[in-house]
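What follows is a short report on a single structure.
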Amino acid sequence: MKKLLLVIPFVLPYMASHGQIQEQVVATSGGYGQHGDTSIEWTLGETVIATLSAAGNILTQGFQQPSIVVTVIKSLDGLPYSVEAYPNPTDDLLLIQLKNAEEQDYTYLLYDINGKVLEQKKLESDITAINMKNYPAGVYLLRVMKSEMEIKTFEIIKH
C-alpha cells in the first residue's frame, strides 16, 4: 500500500502531461450527409445546448458543434437600419450600435439565462454601452426593440 501511495505522485503528472484528451460523443445513432459543398453531421441522444427556430425551421445544437458561437438568435430582414452588439464574448462593456437609424424609439432588454429581465433601457444614441462587469460569467440574451417590435435578439457570452 505504501509503495502505491509513493508511485501515484509520479505517475499522475506523467499521465497528465503525456496523455491526450479527445472530445467524444456517445450517442444512440447519427449520420452524415452532403450536397455539393455543404455537409451536415448529426447525432441522436446527446444533450441539447441550444435550440433555434426561424420560418418553420428548427436547429438544435449539441456537443457536436464545439466551435460554433451563436450570437444572433432572431433578426428581422430587409430593414433600412442595422443593429450590432459587440464584443461578444465580453468581459465588461457590451456595445450596441445602431446604423442608419432615424427615429429614437429603440430600447434594449437584457435577460439572464432563466428569462429574468436584468436591465431595460432606451437606446439614446448610435452607440450604447452596457456594463456587464457586475454580472457573473454566463450566457445572457439581449433583445433590441423598436416601439413594441422585436428587431434583433443576441446571445451574449460573459467571461
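Where a number appears in this text, it was derived from the coordinates with a stated rule and is not lab data. Owing to the predicted nature of the structure, the values given are computational and were not obtained by experimental measurement. With ideal geometry, Cβ positions are generated from the backbone for all residues, glycine too; neighbour counts draw on all protein chains shown.
Scan region 84-104 for residues that are surrounded by fewer than 13 Cβ atoms within 10 Å (Cβ to Cβ) and closer than 18 Å to Met149 by Cα and report the count.
Going through region 84-104 one residue at a time, the tally reaches 5.
I'm trying to understand the selection: among the residues of region 132-156, which are closer than 14 Å to Pro87 by Cβ and surrounded by fewer than 18 Cβ atoms within 10 Å (Cβ to Cβ)?
Of everything in region 132-156, just one residue is closer than 14 Å to Pro87 by Cβ and surrounded by fewer than 18 Cβ atoms within 10 Å (Cβ to Cβ), namely Lys133.
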